[in-house]
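Asks: I am attaching a structure below and will ask some questions about it afterwards.
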Amino acid sequence: TRSLLSVFEEDAGTLTEYTNQLLQAMQRVYGAQNEMCLATQQLSKQLLAYEKQHFALGKGDEEVISTLHYFSKVVDELNILHSELAKQLADTMVLPIIQFREKDLTEVSTLKDLFGLASNEHDVSMAKYSRLPKRKENEKLKAEVAKEVANARRKQHLSSLQYYCALNALQYRKRVAMMEPMLGYTRGQINFFKKGAEMFSKRMDNFLSSVSDMVQSIQGELDAEAEKMRVSQQDLIAVNESVYTPDSDVTSPAINRNLIQKAGYLNLRNKTGLVTTTWERLYFFTQGGNLMCQPRGAVAGGLIQDLDNCSVMAVDCEDRRYCFQITTPTGKAGITLQAESKKEYEEWICAINNISRQIYLTDNPEAAAIKLNQTALQAVTPITSFGKKHEVHHSSQNVKNMENDKIISSESAGIQDSTQLIAPGTPIQFDIVLPATEFLDQNRGGRRANPFGETEDSSKDEEEDSLLQQMFVVRFLGSMAVQSDATSEVIYEAMRQVLAARAIHNIFRMTESHLMVTSKNLRLIDPQTQVTRTSFELATVTQFAAHQDNRRLIGFVVHLSETLGEESMSAYIFESNTEGEKICYAISLGKEIIEAQKDPEALAQLMKSVPLTNDGKFMLLNDQSEEDGTIHEEGEESEA
């Protein structure tokens, strides 16, 4: 709309400049005609004044005097005609163009200024609304700011409608304004010559008649269009108040998850320093597999991000709501954006996910998106509660049988190999750990208890006794049962299925934890309460590996013995703020320490080969140089 508006505004600016030049030319003609009146009047007086001159040799001038008297009368009659022509030029040529400039063009310029003020007020109110905190929301403040945004939008809407109507009407009025002055000029000249020399052309009369009919026809179209715009303006203004209120349908928004293209305003996060950022509200749209951005006033959009094979996830950013981040295929964090509402937030994430799969290249992208989402809903059953973990183990065989009925018989050999690692239809658990707020609610008012049966004192004792303590910031992606731990390929397959399930079900939020690697176990610690969420004995970790392409992905397989003598194997997938190889190295070192503790000489040799901290614990190299993720793209890694 703004791009189209800029075309109309450019047209209005060109029309204003041309109108001023045309008015100057017409005023020059009118001034020349007035000068002709004064000149003929002066000529007539000079002709009469010949008689009053006392020439020394004036004999025989009577014929000249009488002739000059006649010429004086002719000039006086012509002067009357010139005066009438000058009056006609003033009324029918100069006055209409002045009225068009002072009324129509000035009105458009005034409405443009009002529209600009209303647009700026809306931008200010939207910036204020976007800065509303996510946590500890003040409902009264939120309602006031939302009302302010609604008022600003209503004002901008009304001013824009008036401005658009004036620009539309200007397209008709400029045609009338260009022809009407020349119509008056031509008629005045013809009347002048008709009376003065009795010269008249019927062909010109017919032409002027047709021009008059055309002007009347255009005026009729203008009246009809003005009435139509007036009715449309009334209908558009009489909408529900919720249209102007942002995020009015936050409880149950109608979300389209099958989009393969999307457009709208988003807030773009820009880094202005090491720790400072700014947010800029820009217009974004997708074009094929590209995310484009068009700043206000620009003729066309520019490329911001190639979306092919990218990933998108919801992020918490500067206590702002509805933020998401686009990550490149190499795992490098891309741009961070903020949507206006929950509906826009989820639709943008779904659209980018669909585009990243290159659905837009198919013959029928919409049908492919719908089919893909329907197939995904049938193929994956997400488990979203830690309390359902035991139900998953008992029902996994039934789910497997149901899913096997849906598998097409023409499976490739590669898929059959993957089924030997992970059974088809295996449920995926997305939140093995509970958020910190749930721990606080469960233990409010008393000493904090660990839901996994561990106590803080025992954890501290283990830390003191452990020779290796290394902490990494990780986010849990998912876990699932596996059928083999003989090779690291089972971890890669689990990564693929977990990431695919998250994308299919639009599950973007992840719980952040601190992964403590010791020489005895792996522990997930809540970063806010320092409570151990869950723990795995290092001896039960039979496989661990980092993703070959996305080095931030890390996974390991835990082999446990059940109470009835059965054995179970589960793969756990995480995303780390640092390279997964470092976590793998820490786990490998922990296993070496376990083996070395059986032989004092081997332990001594290991302690010589690996640096130690001041308190005698093993220290990993190149960990101190890692910086926090809020300053650089890499995350923080610290020693316990």
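Asks: Leaving ligands, DNA and RNA out of it, rank His122, His54, His157 by accessible area with a 1.4 Å probe, largest first.
Replies: Ranked list, largest accessible area first: His54, His157, His122.
Asks: Tell me, in nm to one decimal, what length is gained between Thr272 and Leu236 on full extension, where the rule is 0.36 nm per residue of separation less the Cα-Cα distance?
Replies: This chain segment gains 8.9 nm when fully extended.
Asks: Give Lys332/Lys582; Lys112/Lys174; Lys140/Lys262; Lys134/Lys155; Lys155/Lys228; Lys134/Lys343 a once-over and call out the pairs whose C-alpha atoms are over 23 Å from each other.
Replies: In this structure, Lys140/Lys262; Lys134/Lys155 lie more than 23 Å apart at Cα.
Asks: Using the basic label-point model (7 angstrom from Cα toward the beta carbon), what is the Glu581 to Ile594 distance in nanometres?
Replies: In this crude spin-label approximation the distance works out to 2.4 nm.
Asks: Here is a further query. Within segment 94-197, report the GluC sites (Glu not before Pro) that DSSP leaves as loop and that have at most 11 other Cβ atoms within 10 Å.
Replies: Here the sparse-neighbourhood loop sites are Glu137.
Asks: When a/c is below 1.5 the answer is rounded, else prolate if a/b is larger than b/c, else oblate, so apply that to segment 499-552 with a ≥ b ≥ c taken from the square roots of the Cα gyration tensor eigenvalues.
Replies: oblate
Asks: Under 11 Å from the 7 Å Cα→Cβ point of Val243, by amide nitrogen: which residues of segment 120-156?
Replies: 154
Asks: Hey, got a sec? Which chymotrypsin sites (Phe, Trp or Tyr not before Pro) in segment 9-60 land in a DSSP loop and have at most 10 other Cβ atoms within 10 Å?
Replies: Those that pass, being in a loop and sparsely packed, are Phe55.
Asks: What length, rounded to one decimal in nm, is gained on full extension from Ser210 through to Asp363, with 0.36 nm per residue of separation minus their alpha-carbon distance?
Replies: 49.7 nm
Asks: Give the accessible area for Arg357 in Å² (nearest 10); use a 1.4 Å probe, count only protein heavy atoms, and leave out ligands, DNA and RNA.
Replies: Surface accessible to solvent at Arg357 totals approximately 80 Å².
Asks: Once all Cα-Cα distances of segment 1-156 are split into 10 Å bins that start at 0, what whole-number percent is in each one?
Replies: Reading upward from the zero bin: 9, 19, 15, 13, 12, 10, 8, 6, 4, 3, 1, 0.
Asks: On the full set of protein chains, 1.4 Å probe, figure out the accessible area of Met179 and give it in Å² to the nearest 10.
Replies: 60
Asks: Of Trp279, Trp348, which has the most accessible area and how do the rest follow, probe 1.4 Å?
Replies: From most exposed to least exposed: Trp279, Trp348.
Asks: Ok, one more. Ranking request for peptides 570-577, 337-344: highest mean number of other beta-carbon atoms within 10 Å first, then the rest in descending order.
Replies: Top to bottom by mean Cβ count within 10 Å: 570-577, 337-344.
Asks: Which shape class applies to segment 263-369: rounded if a/c is under 1.5, otherwise prolate when a/b exceeds b/c and oblate if not, where a ≥ b ≥ c are the square roots of the Cα gyration tensor eigenvalues?
Replies: Prolate, since a/c reaches 1.5 and a/b exceeds b/c.
Asks: So, one more: Heavy atoms only, 1.4 Å probe, whole protein assembly: order Ser217, Ser72 by accessible area, highest first.
Replies: Final ranking, largest accessible area leading: Ser217, Ser72.
The values are calculated or read from the model by the stated rules, or taken from the named source; none is laboratory data. Keep in mind the model is a prediction, meaning the values are calculated, not measured. For neighbour counting, all protein chains shown are included, and Cβ atoms are generated from backbone atoms with ideal geometry for every residue, glycine included. Remember, those area values only see protein heavy atoms, side chains included, never the ligands or the DNA or RNA. Shrake-Rupley method; radii C 1.70, N 1.55, O 1.52, S 1.80 Å.
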